[in-house]
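Here's the structure we're looking at; comments come further down.
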Amino acid sequence: MSRILRKISELKKKRKAIVIAHYFQNDEVQDASDFVGGKLECALFAGESKAEVIVVAGVGFMAELVKLLAPDKVVLHPREDALCPMVAMVEAEQTEKIRDNTLVIGYIKSKPEQMALCHAVADLDRLEKLLEDKCVFLPDRYVGDYFSKKLGKKFMLAEGYCPPHTRILAGEVKKLKEEHAKADILAHPQCRGDVLELADFISNTTCMVDFVSHSAGSEFIVCTEIGLKHSLEKEFPEKSFYFPSEFALCRNHKSIDLGDIYLSMKEMEKKVEISEDIAEKARQALHAGGII
């Protein structure tokens with residue numbers, strides 16, 4: 001065990017802390033974490049754990065989601081500048097102007113201030129039951145477009161998008177399929193529409209891992225951020241995974257390193273705080289979406 005890992009381990013015992021990491025994190029951070037998964041699974045794990053301190057190796061909205069689901073725990077976000085660019089593309093003021101007359105549904109990848117203005121907030125597997133014709137969906141326009149086509153409904157879509165997922169191009173996916181004809185194509189709905197049209201399975205990262213675990217297939221073309229490759233290869237060493245683009249990389253997630261995690265626990269700094277008014281309204285939206 002390296003010196004930094006040993007120090008982190010000692011601090012976790014001292015602080016009664018755990019480290020949770022998103023699939024998109026650096027390999028070494030994933031390996032040093034107590035739990036690795038999608039944003040909701042990480043938040044639920046944190047809320048159910050007996051730890052008093054939760055260190056979140058993920059972007060800002062993920063740390064805030066943990067705080068919403070585990071309000072009595074100390075939540076540390078090692079780098080306050082590790083933010084998701086997509087959530088900054090949608091201004092809360094725009095939502096506030098229309099919510100009184102229009103149903104507003106939010107994707108769970110949102111800030112608490114955005115959630116607080118939504119009538120319901122949900123993850124992918126719950127959105128279908130919530131989305132109504134002519135409702136507003138935010139913040140990801142590609143997820144909204146995917147459900148619009150799937151459900152045959154029209155939505156008013158925000159202009160947000162996930163930069164890493166939009167860097168995955170259909171041509172790259174087709175080329176991999178030509179090289180690996182038997183491979184199943186798995187795609188995240190934050191990808192472009194022409195990529196989704198090629199997919200055999202469309203869902204979030206957690207469901208992708210579950211799909212692989214139950215599949216008799218041995219080859220998979222995976223259209224999401226490349227950090228998922230580490231977990232897939234670690235859990236399924238007998239299977240092969242091909243990622244279409246090396247540019248589908250979230251530098252914001254990966255800006256958090258082991259040193260940041262150590263320092264945040266050592267100093268007990270970078271605590272996530274959400275005003276009680278915003279937190280209560282955000283939790284109401286999460287409750288309406290079936291999350292809590």
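The helices (runs of 4 or more DSSP H) found wholly in the stretch 106-155 and carrying at least 1 residues that are under 18 Å from E96 (Cβ atoms) and modelled with pLDDT of 95 or more occupy 112-115. Return yes when E246 is part of a loop (DSSP other than H, G, I, E, B) and at pLDDT below 95 and no when it is not. Yes.
Scanning the stretch 14-48 for residues that are farther than 17 Å from L69 by Cβ, charged (D, E, K, R) and either in contact with an Asp or Glu (Cβ under 9 Å, 6 or more places away or on another chain) or surrounded by 19 or more Cβ atoms within 10 Å (Cβ to Cβ) (or both) yields R15, K16, E28. Of all residues in the stretch 49-73, those satisfying the criterion of being surrounded by 23 or more Cβ atoms within 10 Å (Cβ to Cβ) and out of contact with any Ser or Thr (no Cβ under 7 Å at 6 or more places or on another chain) are I54, V56, G58, V59, M62, A63, E64, L65, V66, K67, L68. If you go through the stretch 243-288 and pick out every residue that is more than 12 Å from P112 (Cα to Cα), of a type in the set (S, T, N, Q), surrounded by fewer than 19 Cβ atoms within 10 Å (Cβ to Cβ) and out of contact with any strand residue (DSSP E or B) (no Cβ under 9 Å at 6 or more places or on another chain), you end up with 1.
Against the conditions (1) without any contact (Cβ under 8 Å) to a residue 12 or more places away in the chain; (2) in contact with an Asp or Glu (Cβ under 6 Å, 6 or more places away or on another chain); (3) charged (D, E, K, R), R79 satisfies every one except (1). Considering E28, E41, the condition of being acidic (D, E), part of a helix (DSSP H, G or I), closer than 23 Å to K234 by Cβ and touching a Leu at 6+ places or on another chain (Cβ under 9 Å) is satisfied by E28 alone.
Of the residues S240, S231, which is in contact (Cβ under 8 Å) with a residue 12 or more places away in the chain, surrounded by 14 or more Cβ atoms within 10 Å (Cβ to Cβ) and out of contact with any Ser or Thr (no Cβ under 8 Å at 6 or more places or on another chain)?
That would be S231, the only listed residue that is in contact (Cβ under 8 Å) with a residue 12 or more places away in the chain, surrounded by 14 or more Cβ atoms within 10 Å (Cβ to Cβ) and out of contact with any Ser or Thr (no Cβ under 8 Å at 6 or more places or on another chain).
Quick one: which of E48, E41, E52 is modelled with pLDDT of 95 or more, of a type in the set (D, E, K, R) and in contact with a Lys or Arg (Cβ under 7 Å, 6 or more places away or on another chain)? None of the others qualify; the one that does is E52. For the stretch 168-206, name all the residues that are under 30 Å from D133 (Cα atoms) and either in the same structural domain as Q25 (by TED's automatic domain parsing) or of a type in the set (A, V, I, L, M) (or both). Listed by number, the residues that qualify are I168, L169, A170, I185, L186, A187, V195, L196, L198, A199, I202.
Each residue in the stretch 204-225 was checked for being surrounded by fewer than 20 Cβ atoms within 10 Å (Cβ to Cβ) and not in a helix (DSSP H, G or I), and 5 of them qualify. Determine whether the stretch 76-93 contains at least one residue that is in a helix (DSSP H, G or I), within 17 Å of the chain's Cα centre (by Cα) and over 29 Å from S231 (Cα atoms). Within the stretch 76-93, one or more residues are in a helix (DSSP H, G or I), within 17 Å of the chain's Cα centre (by Cα) and over 29 Å from S231 (Cα atoms).
The values are calculated or read from the model by the stated rules, or taken from the named source; none is laboratory data. All of these numbers come straight from a predicted model, not from anything done at the bench. All Cβ positions, glycine included, derive from the backbone under ideal geometry; neighbour counts span all protein chains shown.
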